[in-house]
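Enquirer: I'd like to ask you about the structure that follows.
The values are calculated or read from the model by the stated rules, or taken from the named source; none is laboratory data. Fair warning: this is a prediction, and the values are worked out from it, not measured in the lab. Don't worry about glycine lacking a Cβ; one is built from the backbone with ideal geometry, like all the others, and counts go over all protein chains shown. Heavy atoms of the whole protein, side chains included, go into the accessibility calculation; ligands, DNA and RNA do not. Shrake-Rupley method; radii C 1.70, N 1.55, O 1.52, S 1.80 Å.
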Amino acid sequence: MSVLVREIRPWGGPPTDLGIADGRFVSPSDLPAGTPVIDGQRRIALPTAVNAHVHPDKTMWGQSWLSRPPMRHLSEFINFDVQAREGLGGTVAARAGGLLRDAIASGTRAIRAHVDVAPVYGLENLAGVVAAAAELSSALDVQVVAFPQLGVMCTPGTADVMREAMAAGADLVGGLDPWSIDNDAEGQLSLLFSLAHEFGAGIDIHLHDHQDAGAQMVREIAERALAEGLYGRLTISHAFGLGEVSSEVLAPVIDALVAGGVSLTTCAHGDEPLLPLRELAAAQVPVGLGTDGIRDPWSPYGSPDMLERAWLTAYRLGVSSDDEVTAAYRLAVDSATTFMGLEPNEFNVGDPADFMLVRGECTPQVVVDRPPRDYVFRHGIAVATDGKCLL
């Protein structure tokens with residue numbers, strides 16, 4: 001299957017033609033005579049994004065409004081999450097599927113899905129997300145993390161359910177605040193690394209701890225990744241503490257991240273510190289951008305649109321130059337590919353033809369205005385038009 005896409009502007013640059021054959025970019029001169037043509041009408045072409053951290057099993061996207069009480073502490077959010085799920089409409093597969101379709105329509109090609117596993121849930125959430133992902137696999141790559149939202153050591157039976165989840169096909173072992181939630185960092189980390197070795201899997205740990213304690217926990221986890229032989233296979237999500245410490249405290253933590261091949265994810269939460277993105281970029285620590293929960297029991301906010309998340313990141317960073325605003329979207333495109341095992345989709349010959357077409361003047365203007373996605377392509381095939389998923 002081949003197609004010639006004419007008069008498009010990759011990253012808002014000069015108009016050009018792109019050839020696509022067998023799902024990859026090729027030189028237009030290599031296309032056979034009579035190849036079908038798509039007129040790009042000088043739209044901007046952007047690589048589709050990666051959502052490196054999202055909770056699709058929790059979502060109420062497309063459901064009735066849920067009123068939430070005032071909540072401040074992590075334990076309050078966790079407890080309300082368990083209560084609210086009892087009244088959620090529809091199946092996990094249906095709710096997650098609706099979210100994933102809108103992610104595709106807004107220009108997302110891959111996600112890392114953190115899915116709650118606990119004795120109270122069993123594998124219901126995992127089965128639902130896996131079913132939704134399978135139905136949309138031609139348009140969206142989904143990595144599933146077996147995430148112990150209710151704690152690991154502090155919730156009896158969780159270790160058994162996590163092992164069952166990994167045996168049932170989860171891709172990564174999840175973790176949650178080994179010290180501040182479990183009060184047993186050694187116990188939780190020993191279990192997580194044991195499961196990772198048993199199933200040949202990576203690890204993705206939520207870490208909400210703040211300031212020096214949070215930074216120290218990041219360092220300990222990174223040093224353990226190196227010692228356990230999991231170089232390049234461990235991600236720490238959130239790591240708020242890194243955005244709150246001095247450069248003197250931060251420097252050895254970054255050294256540990258580099259030595260252990262540890263990656264990070266950030267979601268530009270409204271009231272939480274951002275990661276020190278400039279320092280991490282200078283050290284070449286991979287940082288993926290995610291949405292976290294989307295309209296779920298934790299928060300009424302969010303959407304599956306990674307352009308929106310890039311805008312929020314740029315806004316929170318307080319940047320305004322074209323390069324800096326564009327870099328916020330590049331965060332959603334580039335960095336997570338390294339730790340999620342994805343191929344780059346930068347319009348080079350041989351890259352997968354995963355991109356979207358939008359109308360606009362330049363990339364930073366597109367990030368700020370977030371215009372409709374006229375077309376979204378996955379492996380060179382249109383999977384969404386006019387903001388609607390075709391699957």
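Enquirer: Take Asp209 and decide whether it is among the charged types (D, E, K, R), surrounded by 17 or more Cβ atoms within 10 Å (Cβ to Cβ), touching a strand residue (DSSP E or B) at 6+ places or on another chain (Cβ under 6 Å) and modelled with pLDDT of 95 or more.
Expert: Working: among the charged types (D, E, K, R): yes; surrounded by 17 or more Cβ atoms within 10 Å (Cβ to Cβ): yes; touching a strand residue (DSSP E or B) at 6+ places or on another chain (Cβ under 6 Å): no; modelled with pLDDT of 95 or more: yes.
In short, no.
Enquirer: Might you let me know whether region 349-358 holds any residue that is modelled with pLDDT of 95 or more and loosely packed, with under 15 Cβ neighbours inside 10 Å?
Expert: Within region 349-358, one or more residues are modelled with pLDDT of 95 or more and loosely packed, with under 15 Cβ neighbours inside 10 Å.
Enquirer: Every residue in region 1-15 that is within 20 Å of Gln365 (Cα to Cα) and either of a type outside the set (Gly, Ala, Ser) or touching a Phe, Trp or Tyr at 6+ places or on another chain (Cβ under 6 Å) (or both), please.
Expert: Matches in region 1-15: Glu7, Ile8, Arg9, Pro10, Trp11, Pro14, Pro15.
Enquirer: Going by what's in this entry, would Ala201 be described as crowded, with 17+ Cβ neighbours inside 10 Å, closer than 20 Å to Val262 by Cβ, in contact (Cβ under 8 Å) with a residue 24 or more places away in the chain and not basic (Lys, Arg)?
Expert: Yes.
Enquirer: Check Gly107 against each of (1) open to solvent by 40 Å² or more (accessible area, probe 1.4 Å); (2) within 30 Å of Phe147 (Cα to Cα) and name the one condition it does not meet.
Expert: Gly107 satisfies all of (1) open to solvent by 40 Å² or more (accessible area, probe 1.4 Å); (2) within 30 Å of Phe147 (Cα to Cα) except (1).
Enquirer: Hey, any hits in region 110-133 for a residue that's of a type in the set (Phe, Trp, Tyr), surrounded by fewer than 24 Cβ atoms within 10 Å (Cβ to Cβ), out of contact with any Gly (no Cβ under 8 Å at 6 or more places or on another chain) and under 28 Å from Ala332 (Cα atoms)?
Expert: no
Enquirer: Within region 277-300, identify whether any single residue is touching a His at 6+ places or on another chain (Cβ under 6 Å) and on the phi < 0 side of the Ramachandran plot, and answer yes or no.
Expert: Yes, some residue in region 277-300 is touching a His at 6+ places or on another chain (Cβ under 6 Å) and on the phi < 0 side of the Ramachandran plot.
Enquirer: Which of the residues spanning region 365-391 are in a helix (DSSP H, G or I) and under 21 Å from the mean Cα position of the chain (by Cα)?
Expert: Val366, Val367, Val368, listed by residue number.
Enquirer: I'm trying to understand the selection: among the residues of region 218-232, which are under 13 Å from Leu192 (Cβ atoms) and touching a Gly at 6+ places or on another chain (Cβ under 6 Å)?
Expert: Ala225
Enquirer: Can you name the number of the only condition in (1) farther than 30 Å from Arg359 by Cα; (2) more than 18 Å from the chain's Cα centre (by Cα) that Gly318 fails?
Expert: (1)
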